[in-house]
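Scroll down for the structure; my scribbles are underneath it.
All of the numbers you see were taken from the coordinates with simple rules; none came from a lab. Note that the coordinates shown come from a computational prediction; the quantities given were computed from them, not determined experimentally. Cβ coordinates were reconstructed from backbone atoms using ideal geometry, including for glycine residues, and neighbour counts include every protein chain displayed.
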Amino acid sequence: MKRSEFLLGLAETIEADISTMSESTVLRELPRWDSMRLLEVIAFVDEQLGIDLNANQVVNCETVGQLLDLVKDSLTA
Amino acid sequence: MRATIVATEYYLPSHILSNETVAIGSEDWTPEKIFDKTGVQQRHIALAEECSSDLAVLACEKLFATASCPPEDVDFILLCTQSPDYFLPTTACLLQHRLGIPSTAGALDFNLGCSGYVYGLGLAKGLVETGQARRILLVTAETYSKFINEKDRSVRAIFGDAAAATLVTEVESDSPGEFIGPFVYGTDGSGAENLIVPVGGMRTRTAIETEPVSDKFGNQRTSRNLFMNGAEIFTFTLRTVPRAVQTLLEKARCSLDDVNVVVFHQANKYMLDHLRKKIGIPEDKFVIALSEFGNTVSATIPIALTEAARSGRLKDGDKVLLVGFGVGYSWGAAMIQWRGGLGQS
């Protein structure tokens with residue numbers, strides 16, 4: 001999956017504005033960033049990339065960039 | 001002789017916790033959002049004086065009426081609960097007395113959550129097919145609400161209280177094969193801390209702290225309250241449930257095409273939808289019965305079965321695939337052949 005496609009889908013999932021979302025976007029400051037949202041991110045990554053994310057890794061991500069780091073090996077440029 | 005499910009019934013406590021009430025004090029979550037994300041519109045909550053045995057008695061009395069089976073005919077009680085009336089005596093013993101079941105009956109509690117109903121069917125089948133008992137009252141009764149902190153939205157929005165009662169009896173039949181089974185079981189205790197009530201059992205009888213602590217999402221709880229790491233549990237289900245379904249289908253020598261109805265433990269709608277798509281189960285075969293009840297732990301599967309039978313979605317002869325998964329971690333999957341018309345109203 002292309003990195004740009006992934007970012008688009010991710011922005012939708014976490015309700016971030018794709019035009020202003022960047023790697024430094026702080027997850028905690030996004031709307032409804034809570035335990036339900038974690039499920040949605042995990043489901044999104046599972047569905048799009050078939051990756052089994054470790055939930056604690058996701059919970060410890062502060063920024064979009066850190067989330068991206070977890071999956072970047074499965075993304076094409 | 002073989003074991004079969006004859007009838008199922010359930011009881012919900014009358015007090016209702018609505019999404020409106022759950023949403024109070026939350027800027028982000030509206031009642032609509034709660035329903036949208038969890039699939040739950042309302043949950044029934046036991047009052048302070050209502051315990052698991054009280055819910056169980058009422059579910060069983062409904063079952064006796066539905067199945068036209070008097071309590072005198074029951075010779076074994078299996079009760080699944082993680083919120084028993086007492087550490088001891090066994091809550092199933094209280095049921096025997098309150099329901100007027102003969103003292104020649106066996107009775108025991110078993111402690112499981114979301115996987116409990118499937119394990120209960122396995123135990124009931126074992127008792128019947130080894131000739132140890134003929135009419136099993138399999139009950140699941142749970143009052144998780146008593147563990148939940150009012151300010152912990154993550155679990156308050158999801159869990160509801162209920163009891164369900166199922167009659168499993170021996171039956172003679174000309175048709176080959178089993179009515180209950182095969183089974184797949186699984187356990188992973190490394191997941192223990194992800195769905196836990198830390199204090200109150202023998203490991204730590206009383207809490208040191210008295211004030212609730214806030215987690216990073218603003219949910220508050222003490223160590224006497226239920227804690228659930230939803231994200232970890234989700235990844236557990238993604239790893240485990242598809243494989244359990246696959247293993248069960250192999251054991252049953254059939255494919256999803258041969259299965260008429262699929263009933264998963266009703267954890268939350270989001271998780272169920274994702275699992276359904278991941279496994280490739282057609283929507284019309286997949287039962288969702290959450291909105292009126294919430295996640296009632298070990299009662300979700302029997303409640304879903306009861307509702308599916310009542311609405312005509314479950315028919316005589318249907319092959320039904322059940323999967324329970326969650327706290328423990330524990331999981332169980334079973335195939336059952338639904339035999340309608342024997343006692344179901």
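Where only DSSP H runs of four or more residues are counted, chain B gives -8500 deg cm²/dmol as its mean residue ellipticity at 222 nm, each run worth -39500 (n - 2.57). The alpha-carbon of B:LYS315 sits under 18 angstrom from the alpha-carbons of these aspartates and glutamates, leaving out residues fewer than 8 places away in its chain: B:GLU9, B:GLU178, B:ASP257, B:ASP258, B:GLU283, B:ASP284, B:GLU307. Taking a span of 18 Å or more along the helix axis (Cα atoms) and a mean Kyte-Doolittle hydropathy of at least 0.0 as the rule, the DSSP H helices of chain A that qualify are A:35-49.
Note on the range B:287-345: Cα convex hull, mean projected area over all directions, 4.3 nm². Cα convex hull, the range B:237-345: 101 Å³ per residue, rounded to a whole number. A simple charge model with +1 on the Cβ of Lys and Arg, -1 on the Cβ of Asp and Glu and nothing else charged puts the dipole of the range B:2-171 at about 320 debye relative to its Cα centre. Over the protein assembly as shown, the fraction of Cα-Cα pairs per 10 Å bin, rounded to whole percents and listed from the shortest bin up, is 4, 22, 31, 25, 13, 5, 1, 0. Reported to the nearest whole Å, the Cα centre-to-centre distance from the range B:188-218 to the range B:136-179 is 24. Here each label is just a point 7 Å from Cα along the line to Cβ, and for B:ASP258 and A:GLN66 those points are 4.9 nm apart. Could you state the angle between the C-alpha long axis of helix B:116-129 and the longest principal axis of the C-alpha atoms of chain B, as a value from 0 to 90 degrees rounded to the nearest 10? Roughly 20 degrees between the two axes.
Summary of the geometry: the range B:1-46 and the range B:53-118, compared by the centres of their Cα atoms, lie 23 Å apart. If the chain linking B:ASP284 and B:SER26 were pulled fully straight, counting 0.36 nm for each residue of separation and taking away their Cα-Cα distance, it would gain 89.4 nm. Taken about its Cα centre, the range B:245-341 carries a charge dipole of roughly 100 debye when the Cβ of each Lys and Arg holds +1 and the Cβ of each Asp and Glu holds -1.
Determine the calculated [θ] at 222 nm for chain A from helices alone, applying -39500 (n - 2.57) to every DSSP H run no shorter than 4 residues and normalising by the residue count; nearest 500 deg cm²/dmol.
On the way: 4 runs with 40 residues, N = 77.
Computed mean residue ellipticity for chain A: -15000 deg cm²/dmol.
What the pair-distance distribution of chain B shows, using all Cα-Cα distances binned every 20 Å from zero, is 32, 59, 9, 0 percent. Give the calculated FRET efficiency between B:ASP174 and B:THR130 to the nearest 0.05, with a Förster radius of 30 Å applied to their Cβ-Cβ distance. With a Förster radius of 30 Å, E is 0.85. Taking N as the number of residues in chain A, what value does Rg over Cα atoms divided by 2.2 N^0.38 Å take? With N residues counted in chain A, Rg over 2.2 N^0.38 Å equals 0.97. Only lysines eight or more places from B:LYS216 in sequence, or on another chain, were considered; those with a Cα closer than 19 Å are B:LYS151. Here the range B:14-130 has an Rg and Dmax of 18.0, 57 Å, counting Cα atoms alone.
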